[in-house]
Number of protein chains: 2
Amino acid sequence: MNQSEAKRGRPSKDKDSLSAELIISKVKFMMDGTGKVPSMRAISKELNVDPMALYYYFNNKSILLEGVAKSLMSEIYVPSGKLDWKQELKKLSISYLAILKKYDGLLETLLSMSSNSPADVFISRFSLIVSPLKLRNDQEKAFLDLLVDYLHGFSMALACDSTGELTPDCADNSLDFLFKGVRVRTTT
Amino acid sequence: MNQSEAKRGRPSKDKDSLSAELIISKVKFMMDGTGKVPSMRAISKELNVDPMALYYYFNNKSILLEGVAKSLMSEIYVPSGKLDWKQELKKLSISYLAILKKYDGLLETLLSMSSNSPADVFISRFSLIVSPLKLRNDQEKAFLDLLVDYLHGFSMALACDSTGELTPDCADNSLDFLFKGVRVRTTT
DNA sequence: TTAATATATTCTACAATGTAGAATAAAGTT
DNA sequence: AACTTTATTCTACATTGTAGAATATATTAA
């Protein structure tokens, strides 16, 4: 709350009071367009609440941001199982890129998370899609790392690009190039 | 300078006085180990100078950091021309990664630079190495983007990794996987 | 030589950031 | 009714980048 116009102490019961979910959804709303993470003060202002109120729900800012990141997992493409692996992988990658573009301020948060991150969801869906290829374990791992790190790198490039020339579909060619090179182990 | 123990105004002529180069090399020295960018105050303290003195040489911090980034170009591998393209590209990539690891706080600076960045040097050396492959233009571009963005993504993962499990040579497998997939156009 | 100007520095100060710590008031429990 | 827990606001601090003004030396012009 602002200049001494707000009551201190626990507020009287209210249906739509503050909550972790409300905070997270407000942050996502505020990131829309810019993709940048707002300051704690800016968030609290949008919620008509004192900055420190946020700390009741999240111990610190990076935990709040991890909460936001976790909430994005549902936006990742779920393989249909009906398309061939290249198409599925393309769809998976594009959906992941779309998230990274929309919330690029979360990239570091994402990479720093030890588990339950969108990256983990991506990884498990990748494995699902790619399993029919019967790649050797180390080959699948190499493929996965290459793809994931490429996507992170690309979205960083997107975020840093001030010219506006770079768009998400610039990734298309590189993805095709990558997929084309994958040697499918023909079943013996 | 610190608590009012320093003379104001232009200092009397001195051989080893402040300069853009001195500032840049001090920043590089300070980044050694952590890879993190120091604050302007921290830099100025190391140089026994007032923070604002730095602004005489660089209009703002990000221009200073661009200066640091530019100075790193010389550390990028120069193709010998004696190895095959895979080995050359591997060496080029590894040297680039080593820089990114050592100075990971500069990643954003690097990606935001419009020209004369180490990334540009990387690109031109890539072209040199890869030209014998006679790839189609769009294919070479796709390859390059894939590689560069992968390297940026990987070094971001390195920087964010708190477990310490991730090391630069984890990139080896992915690079091999990538190179193996490249279809060389056999000369007609 | 002296006056004017350019150069290189320090000092003070401000706005923005994350957040620790204490005060406070309503809700829930005994 | 007293005590405890919960959810909030307020105050305050350290850190950041850097604008603006004061100042002292170096260089150039008169």
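Read-outs: derived from the displayed coordinates by stated rules, not from any lab. The model shown is predicted, which means the values in this text are computed figures rather than measured ones. Neighbour counts run over all protein chains shown; Cβ positions are idealised from the backbone, glycine included.
The table for this structure:
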quantity: Rotation relating B and A, chain A residue nearest the axis via C-beta, angstrom; calculated: A:G181, 1
quantity: Size of electric dipole in chain A: Cβ of Lys, Arg +1 and of Asp, Glu -1, about Cα centre, debye, nearest 20; calculated: 480
quantity: Sparse-neighbourhood loop sites, trypsin sites (Lys or Arg not before Pro) in region B:85-141 - DSSP loop, at most 13 other Cβ within 10 angstrom; calculated: B:K134, B:R136
quantity: Average partner coverage of A:138-145, which counts Cβ from other chains inside 10 Å; calculated: 5
quantity: Entries of A:K102/B:K180; A:K90/B:K134; A:K134/A:K180; B:K13/B:K36; B:K134/B:K180; B:K36/B:K141 with Cα pairs more than 23 Å apart; calculated: A:K102/B:K180; A:K90/B:K134; B:K13/B:K36; B:K36/B:K141
quantity: Total charge dipole magnitude, region B:127-168, about the Cα centre, Cβ charges on Lys, Arg, Asp, Glu only, Debye to nearest 20; calculated: 260
quantity: Cα-centred dipole magnitude for region A:73-181, charges only on beta-carbon of K, R (+1) and D, E (-1), debye, nearest 20; calculated: 460
quantity: Segment B:K180-B:E165, length gained on full extension (0.36 nm per residue, minus Cα span); calculated: 2.8 nm
quantity: Separation in nanometres of the label points that stand 7 Å from Cα toward Cβ, at B:S127 and A:S62; calculated: 4.0
quantity: Burial ordering of A:T167, A:T109, fewest other beta-carbon atoms within 10 Å first; calculated: A:T167, A:T109
quantity: Candidates A:V148, A:V68, A:V49: whichever shows maximal mean-square fluctuation once chain A is modelled as a Gaussian network with Cα springs under 10 Å; calculated: A:V49
quantity: Relative contact order, percent, region B:1-79 [alpha-carbon distance under 8 Å, six or more residues apart]; calculated: 33
quantity: Leading residue at positive end of dipole, region B:72-181 (Cβ point charges), from B:T109, B:S174, B:S80; calculated: B:S80
quantity: For residues of B:156-164, the mean tally of beta carbons on other chains within 10 Å; calculated: 4
quantity: Cleavage-rule hits, trypsin sites (Lys or Arg not before Pro), region A:20-75, DSSP coil, Cβ neighbours within 10 Å at most 14; calculated: A:K36
quantity: Average partner coverage of B:108-115, which counts Cβ from other chains inside 10 Å; calculated: 3
quantity: Global form of the protein assembly as shown, assessed from the alpha-carbon gyration tensor, a/c cut-off 1.5; calculated: oblate
quantity: Contour minus Cα-Cα distance for B:D120 and B:E75 (0.36 nm per residue); calculated: 14.9 nm
